[in-house]
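The values are calculated or read from the model by the stated rules, or taken from the named source; none is laboratory data. Small disclaimer: the values here were computed from a predicted structure and weren't measured. Neighbour counts are summed over all protein chains in view; Cβ atoms, including those assigned to glycine, are modelled from backbone coordinates with ideal geometry.
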Amino acid sequence: MRDVAVIAFAQSPCQPANRHDDMAEILLPVIQEALSQAGVERDRVDFYASGSHDFFEGRTFSYIESLDAVGAWPPISESHVEMDAAWAFAEAWTWLQLGEGDISLVYGVGRGSLATDLDQVLPTQLDPYLLTPLRPHRDALAGLQAAALLDAGLLTERAMAETVQRCLGDATTNSAALKAAHHTLDELLSAPYVARPLRTHDVGPTGDGAAAVVLAAGNIARELSERPAWVRGLDHRIETHYPGMRTLTESVSTRTAAHRAAELAGFAAMDVDVAELHTEYSYQESLLTTALNLKDADINPSGGPLAGRPMTATGLIRIGEVAQRILDGRGDRGLAHATNGPILQHNLVCLMEGE
């Protein structure tokens with residue numbers, strides 16, 4: 001395996017709505033900051049990979065607009081995924097493994113606020129014959145999974161509220177409004193349900209934002225960074241998109257991806273000191289912690305998606321947050337998790353390490 005590392009990470013605040021900013025305006029300062037941290041100009045980047053979502057934008061090939069921030073002339077080598085940019089990261093890592101170049105820039109930009117009604121957009125991910133026509137509320141399926149965990153005795157509503165309280169207290173970026181929501185546990189537990197047993201604070205707020213990561217290989221990474229965050233193992237697995245055929249109280253794809261990533265890395269999830277989990281709902285932290293067999297890791301020290309969820313950039317931010325802690329010496333080994341699709345359908349695990 002070729003040594004590949006994250007050498008820079010930047011993100012924008014997660015805004016509740018950014019309707020007056022176009023995609024390039026949100027993205028440009030983030031890309032500039034990431035390249036500045038890496039100490040490289042755009043002409044040194046060999047490959048660009050991005051993630052966005054046409055359904056949120058309401059038009060096809062919406063990511064083309066982001067190239068105004070990247071700069072597509074002279075011609076560049078570029079690729080795009082129609083999902084969370086964590087999978088663009090996986091593509092760029094693979095591209096560098098193939099020896100096609102030495103430096104890659106990965107970015108994700110999402111404007112979930114553009115959709116007039118997300119309850120009409122998100123069901124398009126579901127089974128087109130049986131579930132999509134029902135147009136379930138965006139939090140309905142998550143409520144079913146959370147209820148399954150409660151019914152099995154694996155979780156309590158109080159534990160969910162404790163997770164929310166910790167994440168909002170730890171939040172250092174993203175939604176400023178949620179950072180102020182330091183309620184007592186009793187106050188959180190008395191809030192009304194949005195999809196029983198989920199309350200408003202149990203749901204990561206959808207927002208607009210962007211993130212960018214710079215990857216470099218081998219000695220180039222060592223030249224450009226004093227302490228690169230080496231990607232030691234990465235894998236992603238998917239389960240059926242029909243929830244009725246899955247065991248909702250566990251995440252088989254997360255466990256499988258973590259096992260494969262550990263084989264590549266030479267260390268397992270239980271060995272990391274920090275973990276950033278793509279928890280779009282509070283109950284998912286307990287589920288993922290069990291699937292990953294996390295032991296003493298500091299989980300979501302950034303506040304995680306419960307403090308702000310910029311659509312299609314959230315998973316990439318988890319990778320960037322872990323990498324940043326390694327880059328600045330606050331961590332030695334870390335795990336980043338990303339998810340895509342309904343109720344943890346598709347999961348990615350990335351294990352990183354400092355030298």
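Some values worked out for this structure:
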quantity	calculated
Strands (runs of 3 or more DSSP E) contained in region 33-143 and holding at least 2 residues among the β-branched types (Val, Ile, Thr), crowded, with 22+ Cβ neighbours inside 10 Å and touching a strand residue (DSSP E or B) at 6+ places or on another chain (Cβ under 9 Å)	103-111
Residue match in region 89-98 (condition: at pLDDT 85 or above and on the phi > 0 side of the Ramachandran plot)	no
Region 245-265, residues that are within 19 Å of the chain's Cα centre (by Cα), over 12 Å from residue 350 (Cα atoms) and in a helix (DSSP H, G or I)	252, 253, 255, 256
Among the candidates 344, 288, residue that is surrounded by 23 or more Cβ atoms within 10 Å (Cβ to Cβ), modelled with pLDDT of 95 or more and in a loop (DSSP other than H, G, I, E, B)	344
In region 266-285, residue farthest from residue 139 (Cα to Cα) [restricted to those that are among the aliphatic types (A, V, I, L, M) and assigned to a helix (DSSP H, G or I)]	270
Scope region 280-299; condition among the polar types (S, T, N, Q) and within 19 Å of residue 157 (Cβ to Cβ); matching residues	282, 284, 286, 289, 290
Filter result for residue 164 (buried (at least 19 other Cβ atoms within 10 Å of the Cβ), touching a residue at least 40 places away in the same chain (Cβ under 8 Å) and not in a helix (DSSP H, G or I))	no
Selection status of residue 299, surrounded by fewer than 20 Cβ atoms within 10 Å (Cβ to Cβ), among the hydrophobic types (A, V, I, L, M, F, W, C) and touching a strand residue (DSSP E or B) at 6+ places or on another chain (Cβ under 9 Å)	no
Residue among 92, 72, 115, 85 that alone is over 19 Å from the mean Cα position of the chain (by Cα), within 24 Å of residue 8 (Cα to Cα) and not aromatic (Phe, Trp, Tyr)	72
Evaluation of residue 252 against (1) in contact (Cβ under 8 Å) with a residue 60 or more places away in the chain; (2) surrounded by fewer than 24 Cβ atoms within 10 Å (Cβ to Cβ) (one fails), failing number	(1)
Every residue from region 237-268 that is at pLDDT 95 or above and among the small types (Gly, Ala, Ser)	251, 253, 257, 258, 261, 262, 265, 266, 268
Single residue of region 193-244 satisfying the filter (among the aliphatic types (A, V, I, L, M) and more than 22 Å from the chain's Cα centre (by Cα)) that is surrounded by the most Cβ atoms within 10 Å (Cβ to Cβ)	221
Qualifying positions in region 311-339 - aliphatic (A, V, I, L, M), under 16 Å from residue 106 (Cα atoms) and assigned to a helix (DSSP H, G or I)	316, 317, 319, 322, 323
